[in-house]
Amino acid sequence: MPSIAENLESIRANIADAAHHAGRELSTVELIAVSKTYPADVIREAVEAGQELFGENRVQEALIKIPTLPGRLQWHLIGHLQSNKVRKALPLFQLIHGVDSTDLAKDIDRIAGETGHHPRVLLEVNVSGEGSKHGFSPEILERDLELLLALPRVQVEGFMTMAPLAPEAESSRSYFASLRELRDRMSEKAGVPFGTLSMGMSGDYQVAVEEGATLVRVGSALFGTR
Ligand SMILES: *Cc1c(COP(=O)(O)O)cnc(C)c1O
């Protein structure tokens, strides 16, 4: 079985290929090592191989692991966030990807006002329209965007999506392209660049890079199946 360092090297090479293929600067794409469910020891192997940006999806789990790992690491919250976990999440994460409703954004903003944080967030968009998925519908996003941008504490840096599970990476392409097009429309409308697009996982991160992802979230291809 390949080591984590070897996996990391091939994932980085694949990202570089995809960026090259799409005519993009490699420096515009960052790899998030999704370390959910993996213990600190395993995460440390990735750190030793040069990885410094990690993603967790549960606040409770992150609260336990993050303090045991080097302080220079960066952590993103990639999963659904419940309002009752916001207070604990704010000091742990540099970017919150899964802001999936206006109510949650307002809760984050209010709590950040109390704690003195200025949280950077991505709005999660359900571009596939799958009922099981979290996220704003494109219509609600468009309707509420002005209100979201007016929140004094929360800083909306871009968008995140999850493509429906599929055996073929190519099946994700149209969803990733939809998120990019939505971003372009919202940027135009709001006059805000929304430079961050979080899309692509182990099965489809190369396609995501080709379609404009600036953050890819890769777990099992790096650490092994959970
Ligand atoms: C678990 C998870 C990932 C990583 O999934 P893999 O298929 O293991 O790469 C990416 N994004 C989110 C939101 C996740 O929950």
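Please treat every number below as a calculation from the coordinates, not as lab data. If you're wondering where the values come from, they're calculated on a predicted model, not measured in any experiment. Here the Cβ is made from the backbone with ideal geometry for all residues, glycine too, and neighbour counts use every protein chain on show.
Which fully enclosed strands (runs of 3 or more DSSP E) of the range 87-204 have 1 or more residues being under 18 Å from the mean Cα position of the chain (by Cα) and surrounded by fewer than 16 Cβ atoms within 10 Å (Cβ to Cβ)?
155-160
Among the residues that make up the range 14-28, is at least one of them hydroxyl-bearing (Ser, Thr, Tyr) and closer than 13 Å to Ser220 by Cα?
The answer is no, given that none of the residues of the range 14-28 is hydroxyl-bearing (Ser, Thr, Tyr) and closer than 13 Å to Ser220 by Cα.
Across the range 1-58, which residue is surrounded by the fewest Cβ atoms within 10 Å (Cβ to Cβ) among those that are aliphatic (A, V, I, L, M) and assigned to a loop (DSSP other than H, G, I, E, B)?
Restricting to residues being aliphatic (A, V, I, L, M) and assigned to a loop (DSSP other than H, G, I, E, B), the top hit is Met1.
Return yes or no: is Ala213 part of a loop (DSSP other than H, G, I, E, B), in contact with a Leu (Cβ under 6 Å, 6 or more places away or on another chain) and within 15 Å of the ligand (Cβ to nearest atom)? Before the answer, list the steps.
Values: part of a loop (DSSP other than H, G, I, E, B): yes; in contact with a Leu (Cβ under 6 Å, 6 or more places away or on another chain): yes; within 15 Å of the ligand (Cβ to nearest atom): yes.
Against the criterion (part of a loop (DSSP other than H, G, I, E, B), in contact with a Leu (Cβ under 6 Å, 6 or more places away or on another chain) and within 15 Å of the ligand (Cβ to nearest atom)), Ala213 qualifies.
How many residues are of a type in the set (Gly, Ala, Ser), away from the ligand (no atom under 15 Å from the Cβ) and within 19 Å of Gly116 (Cβ to Cβ) if we restrict to the range 71-98?
Number satisfying all stated conditions: 1.
Check off (1) closer than 19 Å to Gly212 by Cβ; (2) in contact with a Gly (Cβ under 6 Å, 6 or more places away or on another chain) for Leu26 and give me the number that stays unchecked.
The number of the failed condition is (2).
Could you give every pair whose Cβ atoms fall below 6 Å, whose first residue belongs to the range 16-41 and is in contact (Cβ under 8 Å) with a residue 40 or more places away in the chain and under 22 Å from Gly158 (Cβ atoms), and whose second residue is more than 16 Å from the ligand (Cβ to nearest atom) and of a type outside the set (Phe, Trp, Tyr), counting only separations of at least 6 or pairs across chains?
Filtered contacts from the range 16-41: Ala18/Glu210; Ala19/Leu26; Ala22/Glu210; Val29/Ala19.
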